[in-house]
Amino acid sequence: MLPSSFLRRTVTTGFLVALGLAIAGHAAEPASETRKPAKSPDVVYVPTPQKVVDKMLELAEVKAGDIVYDLGCGDGRIVVTAAKKFGVKAIGYDIDPQRVKEARENVKKAGVEHLVRIEEADVFTLDLTGASVITLYLLPSLNVRLMPQLAKMKPGSRIVSHNFDMRGAKPVLTTPVHLEPGDSDNTFFEEDGVHTVYKWIVPWEAEPATK
Ligand SMILES: C[S@@+](CC[C@H](N)C(=O)[O-])C[C@H]1O[C@@H](n2cnc3c(N)ncnc32)[C@H](O)[C@@H]1O
């Protein structure tokens, strides 16, 4: 497990910087005809860099027959990549109609409509038992809130999370992904260029709380 100072730094530098950029970005956006979310998103939109997406799916050992759900799918990059690279079915869920619209456009652009569905939904209302792989880029507290739903998944299902752990569940692995300044779409560069991927296999081993 990485030291808590690392997590704190990642949350503060990564997400809070991203929050500022997201707010600035939204302020500059032209008025959109897209509806407002039915409920405020629990976390702002920050895309996972493609190199990290690739590592998440590799570590999840995605293979033929898997069904991948991305909870809070943003522009759909994770589910599109899963379908394109591994030919698997995937569903992306997002609460924000703007993200749902973008993700559906990206699914179409990638020509994977026969494999990928994008749904507007609050992830905390979902039955996750149909997935064999779940991808997350939310927040540590949101991962913990999802645990009762995630625990109902079939044994052997994999969960991978970008940058955030799930307190109380011991990961089977924690892997750094090093990004370089030249990496494409590296918009939200971590302070030191290091992102982290966490992996759990259902049923996960409980991890005693540490202070
Ligand atoms: C940090 S972004 C991650 C996007 C994408 N998974 C990726 O890694 O590129 C989190 C996404 O979760 C969505 N979101 C926040 N709260 C949600 C909720 N309760 N239900 C569904 N989506 C939610 C946001 O709209 C945003 O698109």
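Taken together, the values in this text are just the output of simple stated rules run on the coordinates, not laboratory data. Everything numeric in this text was worked out from a predicted model, so none of it was measured. Glycine also receives a Cβ, built like all others from the backbone with ideal geometry; neighbour counts cover every protein chain displayed.
Give the residue that is nearest to the ligand (Cβ to nearest atom), with candidates limited to residues of the stretch 81-92 that are assigned to a strand (DSSP E or B) and buried (at least 23 other Cβ atoms within 10 Å of the Cβ). Before the answer, list the steps.
Start the filter on the stretch 81-92 by keeping residues that are assigned to a strand (DSSP E or B), which leaves 89-92.
From what is left, the residues that are buried (at least 23 other Cβ atoms within 10 Å of the Cβ) are 90, 92.
Details: Ala90: 12, Gly92: 8 Å.
Result: Gly92.
Any idea which of (1) under 18 Å from Gly130 (Cβ atoms); (2) within 7 Å of the ligand (Cβ to nearest atom) is the one Lys63 doesn't satisfy?
Every condition holds for Lys63 apart from (2).
Looking at (1) surrounded by fewer than 22 Cβ atoms within 10 Å (Cβ to Cβ); (2) touching a His at 6+ places or on another chain (Cβ under 7 Å), which is the only condition Asp66 fails?
Exception for Asp66: condition (2).
Can you tell me which residue is nearest to the chain's Cα centre (by Cα) among those in the stretch 118-158 that are under 10 Å from Tyr69 (Cβ atoms), outside any loop (DSSP other than H, G, I, E, B) and not hydroxyl-bearing (Ser, Thr, Tyr)?
Leu136
Scan the stretch 70-84 and report the pairs whose first residue is under 13 Å from Gln50 (Cβ atoms) and whose second residue is near the ligand (Cβ under 6 Å from one of its atoms) and not in a helix (DSSP H, G or I), with Cβ atoms within less than 6 Å and a gap of 6+ or a chain change.
Filtered contacts from the stretch 70-84: Gly74/Tyr45; Gly74/Pro47; Ile78/Asp70.
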